[in-house]
Each structure stands twice: as structure tokens, then as C-alpha cells.
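The block underneath contains the structure these notes are about, expressed in C-alpha cells.
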Amino acid sequence: MKIVLRSVFTVALMISLLACSKTIPLKAVDYVDLERFMGDWYVIANIPTTIEKGAHNAIESYRLDDDGSIATTFTFHDESFEGKLKTYRPRGFVQDESNAIWGMQFIRPIKADYRIIYLDEDYSITVIGRNKRDYVWIMARNPSISAQKYDEILGMLKEVGYDVGEILQVPQKW
């Protein structure tokens, strides 16, 4: 009986630890220069939200407004390069002094977790993640990145708890 109870306890503990690993806060980069971060970012790959499934030529564009919020324009062609152009305009709100943690607002008053978890020194590639590890966006200033860099990013995402099998490349053709 003790062996059965010990086995049940061990399994329960392992499940609890696995559940907790996804709730550990996702570390954001130390600092983001917002002026440098603004502009267009091509979405290279993501775990797509419902609205992003089938996106082609996806671009996220940021503009810092006078009130400190970030006007965001997200555009893509639906289902093909010739598909209907879709545009969304959420607003970002910086939530800490590092400028790396934002609340992204699609619908008031909800501000979704949005964390800049990777940023190249030259601000050419970034990765946006969420504490829940449910969505992620790999973005770049150009419509493609090297296979080596992409693999490095996938390795980093796996290390921080993402299921990299869910990440899909976004078709880009310009």
C-alpha cells in the first residue's frame, strides 16, 4: 500500500511541477529603446491566434504616440498572397521601466500579456512571448532570417517552455 501511495504522490508531484513550469514568468529582455523598436516588423513565424491562421505577408507595425501608448497596425493577406487584406489596430501599453513588458489591447479593457523576450542588439530580430506560452511571434525587419538564426530562436523558445512543434512559419513573398 505504501508503494502505491508513494507512486501516486510522485506522479501528482510531477504533474504539479510540469503545470507550474508554464506559469513561471517568461523573462523579458532587460531594456527596449522604444524609439528604435518602432516601425515595421515582418512576422517570420508564430503560434497563430485565431485571426492569424492562414496569414500571408504578415506585418506588425508600431508607432509611439504622445501619450506613451503604442499604436499598432497588424496587416496580412488571408489564406494566400492574393487573399483579402486584413487589418487590426490594437494598442500597446508599456507596463514596466524596461519597456519590454506591454499590455496589448484589442478589446477594452482587456490588456493581453505581451513580452519582448528576445531582441537582437541591432533591433533586426525580435521574439514576442506570453507567460502562458500559448502564443509567440518571431519577427524581423526583413521578410526572412537565416535558417541558423531561426533554429537558434526555436531552441531558446523550447528552453523557456514553448512547444516548438506548434510554431508555424508565416509565408512572406515581396
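The values are calculated or read from the model by the stated rules, or taken from the named source; none is laboratory data. Since we're looking at a predicted model, the values are computed, not measured. Quick reminder, even Gly has a Cβ in these numbers, built from the backbone with ideal geometry, and neighbours come from all protein chains shown.
Take the residues in the range 14-38 that are among the charged types (D, E, K, R), within 17 Å of the chain's Cα centre (by Cα) and at pLDDT 70 or above, then tell me which one is surrounded by the most Cβ atoms within 10 Å (Cβ to Cβ). Break it down stepwise before answering.
Restricting attention to the range 14-38, the residues satisfying the condition of being among the charged types (D, E, K, R) are 22, 27, 30, 33, 35-36.
Now drop any that are not within 17 Å of the chain's Cα centre (by Cα), which leaves 22, 27, 30.
When the remaining residues are screened for being at pLDDT 70 or above, the result is 27, 30.
Values: Lys27: 11, Asp30: 8.
Residue satisfying both the conditions and the ranking: Lys27.
What pairs come up if the first residue lies in the range 43-68 and is closer than 12 Å to Thr87 by Cα, the second is β-branched (Val, Ile, Thr) and crowded, with 16+ Cβ neighbours inside 10 Å, and their beta carbons are under 6 Å apart, counting only those six or more places apart or on different chains?
Between residues of the range 43-68 that are closer than 12 Å to Thr87 by Cα and residues that are β-branched (Val, Ile, Thr) and crowded, with 16+ Cβ neighbours inside 10 Å, the close pairs are Ala55/Val170; Ala58/Val43; Ala58/Val170; Ile59/Thr75.
From the list Tyr150, Tyr114, Tyr162, pick out the single residue that is modelled with pLDDT of 95 or more, out of contact with any helix residue (DSSP H, G or I) (no Cβ under 9 Å at 6 or more places or on another chain), farther than 16 Å from Tyr42 by Cα and among the aromatic types (Phe, Trp, Tyr). Before the answer, list the steps.
On the way: Tyr150 fails: farther than 16 Å from Tyr42 by Cα; Tyr162 fails: out of contact with any helix residue (DSSP H, G or I) (no Cβ under 9 Å at 6 or more places or on another chain).
Only one candidate passes the filter, namely Tyr114.
Taking the condition of being exposed (fewer than 14 other Cβ atoms within 10 Å of the Cβ) and charged (D, E, K, R), how many residues in the range 122-151 meet it?
Selection size over the range 122-151: 3.
Which of the residues spanning the range 117-174 are more than 17 Å from Glu52 (Cβ to Cβ), touching a residue at least 12 places away in the same chain (Cβ under 8 Å) and hydroxyl-bearing (Ser, Thr, Tyr)?
Passing the criteria: Tyr118, Tyr123, Ser124, Ser144, Tyr150.
Restricting the range 39-68 to residues that are assigned to a loop (DSSP other than H, G, I, E, B) and within 16 Å of the chain's Cα centre (by Cα), which is surrounded by the fewest Cβ atoms within 10 Å (Cβ to Cβ)?
Initial filter on the range 39-68 (assigned to a loop (DSSP other than H, G, I, E, B)): 48-49, 53-54, 65-68.
When the remaining residues are screened for being within 16 Å of the chain's Cα centre (by Cα), the result is 48-49, 53.
Details: Pro48: 19, Thr49: 14, Lys53: 11.
That would be Lys53.
Of everything in the range 96-121 that's basic (Lys, Arg) and buried (at least 17 other Cβ atoms within 10 Å of the Cβ), which residue is nearest to Leu168 (Cα to Cα)?
Quick first cut of the range 96-121, residues basic (Lys, Arg) only: 108, 111, 115.
After this cut, where a residue has to be buried (at least 17 other Cβ atoms within 10 Å of the Cβ) as well, the list is 111, 115.
Details: Lys111: 25, Arg115: 19 Å.
The qualifying residue nearest to Leu168 (Cα to Cα) is Arg115.
Can you pull out the residues in the range 69-95 that are under 14 Å from Ile116 (Cβ atoms) and either without any contact (Cβ under 8 Å) to a residue 60 or more places away in the chain or touching a Cys at 6+ places or on another chain (Cβ under 8 Å) (or both)?
Selection gives Ile70, Thr72, Gly92, Phe93, Gln95.
Per-residue answers, yes or no, for (1) in a loop (DSSP other than H, G, I, E, B); (2) over 15 Å from the mean Cα position of the chain (by Cα); (3) at pLDDT 95 or above; (4) over 19 Å from Ala58 (Cβ atoms):
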residue: Phe74; (1), (2), (3), (4): no, no, yes, no
residue: His77; (1), (2), (3), (4): no, yes, yes, no
residue: Ser98; (1), (2), (3), (4): yes, yes, yes, yes
residue: Trp102; (1), (2), (3), (4): no, no, yes, no
residue: Tyr118; (1), (2), (3), (4): no, no, yes, no
